[in-house]
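Notes for the one structure printed next.
The values are calculated or read from the model by the stated rules, or taken from the named source; none is laboratory data. These numbers were taken from a predicted model, which means no experiment stands behind them. All Cβ positions, glycine included, derive from the backbone under ideal geometry; neighbour counts span all protein chains shown.
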Amino acid sequence: MKSRVVVVIGLIAAVIGGFAVFTIMKNRDADPESRVTNFAQCVAAGNDVMETDPPQCRTVDGRTFVDQTRTPAPQPSDAPVTADHTSLKGVKLVVDAPLAGDFISSPINVRGSVPGSWSFEASFGIEVLDANGEQIGEGFAMLDGEWMTEDMVDFTGTVTFSKPSTETGSLVLRRANPADEARFDDSVTIPIKFTN
C-alpha cells in the first residue's frame, strides 16, 4: 500500500513539475526580449539604440547587438597623405581636393579624376557624412570631358552640407548606378575633419 502511495505522489509531482516547465517556457516565448538575436530584432523590440559608430542596441537584460549593416566612418590618421585612392572594387581614382584629413567647411569643392565609365552622362554622386555615418550633404560631380571611356577624366563638384554634430566625418564618392543594381555599386571614402 505504501508503495502505491509513493507512486501516486511521484506521478502527481511529475505532472505538477511538467506543468510548471510548460508554463515557464510558454511565458518565455511570449516575451519578445527572449527572441532577440540581432540588432534589427533588438530595435524592433523597442530597446535603446546607443549613438556609437556603428550603432549598438542594448536589451533590458543587458545583451548588446551591433548594427552590422553600417561600417564605421574612417578616422583621419598620420599616414602619408595622397591624392590616389582605390575604390571598394579596386578602381583607381585621384581626388586632389580635399585630401584625406583635410579640414573642410560648407560648401566643399571636390576635384580629381576618375575613369569615365565611373560616371553616367558625365556625372556621379558625392556625399558628406558625419562620424556616425549620417548623411549631412549630397551633390554631384561633373566630368570635364568624354565620359564613355575607361581613360581618366577630370571632374569637379560642389557639395553644401549642414552643420555636423561630430568633429570628423567622411567624403564619399559613389559610382553612378542608374540601373540601381548592387553589382554596379562602388565607392571611395575619404576621411575628413570639420572646421568649427
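Taken residue by residue, the range 44-62 has at least one member that is of a type in the set (D, E, K, R), surrounded by 13 or more Cβ atoms within 10 Å (Cβ to Cβ) and either assigned to a loop (DSSP other than H, G, I, E, B) or modelled with pLDDT of 75 or more (or both). Hey, could you check the range 141-173 for residues that are within 12 Å of SER117 (Cα to Cα) and in contact (Cβ under 8 Å) with a residue 40 or more places away in the chain and say which is surrounded by the most Cβ atoms within 10 Å (Cβ to Cβ)? If we take residues in the range 141-173 being within 12 Å of SER117 (Cα to Cα) and in contact (Cβ under 8 Å) with a residue 40 or more places away in the chain, then VAL153 is surrounded by the most Cβ atoms within 10 Å (Cβ to Cβ).
The strands (runs of 3 or more DSSP E) found wholly in the range 116-196 and carrying at least 2 residues that are closer than 23 Å to PRO55 by Cα occupy 123-130, 135-143, 168-174, 187-194.
Given the condition farther than 18 Å from ASP96 by Cβ, aliphatic (A, V, I, L, M) and out of contact with any Phe, Trp or Tyr (no Cβ under 7 Å at 6 or more places or on another chain), answer yes or no: does some residue in the range 157-177 qualify? Checked the range 157-177: no residue is farther than 18 Å from ASP96 by Cβ, aliphatic (A, V, I, L, M) and out of contact with any Phe, Trp or Tyr (no Cβ under 7 Å at 6 or more places or on another chain). Exactly one of these conditions fails for GLY116: (1) buried (at least 16 other Cβ atoms within 10 Å of the Cβ); (2) outside the structural domain of GLU146 (by TED's automatic domain parsing); (3) modelled with pLDDT of 80 or more. Give me its number. Of (1) buried (at least 16 other Cβ atoms within 10 Å of the Cβ); (2) outside the structural domain of GLU146 (by TED's automatic domain parsing); (3) modelled with pLDDT of 80 or more, only one is false for GLY116: (2). If you go through the range 63-113 and keep only what is assigned to a loop (DSSP other than H, G, I, E, B), within 19 Å of ASP186 (Cα to Cα), polar (S, T, N, Q) and modelled with pLDDT of 80 or more, you end up with just SER87. Per the listing THR160, THR189, the residue uniquely within 21 Å of LEU88 (Cβ to Cβ) and hydroxyl-bearing (Ser, Thr, Tyr) is THR189.
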